[in-house]
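What follows is one structure encoded as structure tokens, with my remarks underneath.
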Amino acid sequence: MEEGRAERRRRTEAPSHTQGGTRRAGVMTDVHRRFLQLLMTHGVLEEWDVRRLQNHCYRVHDRTAAVEELEDFINNINSVLESLYIEIKKGATEDDGRPVYALVNLATTSVSKMASDFAENELDLFRKALELIIDSETGFASSTNILNLVDQLKGKKMRKKEAEQVLQKFVQNKWLIEKEGEFTLHSRAILEMEQYIRETYPDAVKICNICHSLLIQGQSCETCGIRMHLPCVAKYFQSNSEPRCPHCNDYWPHEIPEVFDPEKEREASTSKANRKSLRSRQH
């Protein structure tokens, strides 16, 4: 029994690494497989939830094993998924920089990947919304502007009421985010679709001047026009009383957002969970 546990522990802790320039595949245990299955059902998760999910999988499948560092754990899974053109990819939310993880299909464009969940006319509605979002200065498209394109959809005719319901399906499936009647891309969509967007909208695509990744929402210099993600703005101008554009050195006129603090976020989440638990015990 003890030998079996030791063997499981060795397999779980086996790191993926490169040898001679070629990545050597890691070993997938029940812990890794369970984690992967649960991540697939969620589509995208914030880092705090990913860590909780990892700990849950260890508790269920191998309580005696030492929990791998999250980066090593993800790399181990990715080394196995590599031949399938699938990857667990890390990104960040555009509004406040919270780290997120998503399972990304590298072999197909994300719009075609959505085909199993949506009909042809629904996919075309997503394309129309995507185009409006990419073309906009703010990174948002109003529901009114999206719904006005319903008559141009391919496939089966769709009424505006149906289109409103489809947009909500995109929100529920974490492809879009809705804020006060306007839609933008969810971090899941950005992670999965960056290459597709760069290739499909080369003249309209916006790139962050700091991290050089795809930019949907952000701030721009009023003099030279460069753009920056809000989290990149926060980090670049941190503790800077007179922020200046990194490109033209002109004054940066926008409000500087706060840098995301994972410890503060964790404390807030824990406090919220404790209050919820206390209320449930009182009732």
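Of all residues in the stretch 213-235, those satisfying the criterion of being over 25 Å from the mean Cα position of the chain (by Cα) and open to solvent by 60 Å² or more (accessible area, probe 1.4 Å) are GLU222, THR223. Of the residues making up the stretch 184-207, those that are touching a Leu at 6+ places or on another chain (Cβ under 8 Å) and either surrounded by fewer than 20 Cβ atoms within 10 Å (Cβ to Cβ) or within 12 Å of ILE134 (Cβ to Cβ) (or both) are THR184, LEU185, ALA189, ILE190, MET193, GLU194, ILE197, ARG198, VAL205, LYS206, ILE207.
Any chance the stretch 123-144 includes a residue that's more than 19 Å from GLY181 (Cβ to Cβ) and in contact with a Gly (Cβ under 9 Å, 6 or more places away or on another chain)? For the stretch 123-144, residues more than 19 Å from GLY181 (Cβ to Cβ) and in contact with a Gly (Cβ under 9 Å, 6 or more places away or on another chain): present. Within the stretch 200-207, is there a residue that is without any contact (Cβ under 8 Å) to a residue 40 or more places away in the chain, more than 30 Å from PRO246 (Cβ to Cβ) and not in a helix (DSSP H, G or I)? No. Every condition in (1) part of a helix (DSSP H, G or I); (2) under 26 Å from GLU46 (Cα atoms); (3) among the hydrophobic types (A, V, I, L, M, F, W, C) is met by LEU132 except one, and the failing one is (2). Checking each residue of the stretch 236-247 against the condition of being at pLDDT 85 or above, in contact with a Ser or Thr (Cβ under 7 Å, 6 or more places away or on another chain) and either under 24 Å from ARG98 (Cβ atoms) or surrounded by 11 or more Cβ atoms within 10 Å (Cβ to Cβ) (or both) gives at least one match. When the stretch 156-181 is limited to residues that are basic (Lys, Arg) and surrounded by 12 or more Cβ atoms within 10 Å (Cβ to Cβ), the one that is farthest from the chain's Cα centre (by Cα) turns out to be LYS160. When you check GLU180 against the structure, is it among the acidic types (Asp, Glu) and on the phi > 0 side of the Ramachandran plot, yes or no? Answer is yes for this residue.
The values are calculated or read from the model by the stated rules, or taken from the named source; none is laboratory data. Note that the structure is a prediction, hence the values are computed from the model and not measured. All Cβ positions, glycine included, derive from the backbone under ideal geometry; neighbour counts span all protein chains shown. For the accessible areas, the whole protein counts, side chains as well, though only heavy atoms, and no ligand, DNA or RNA atoms are used. Shrake-Rupley method; radii C 1.70, N 1.55, O 1.52, S 1.80 Å.
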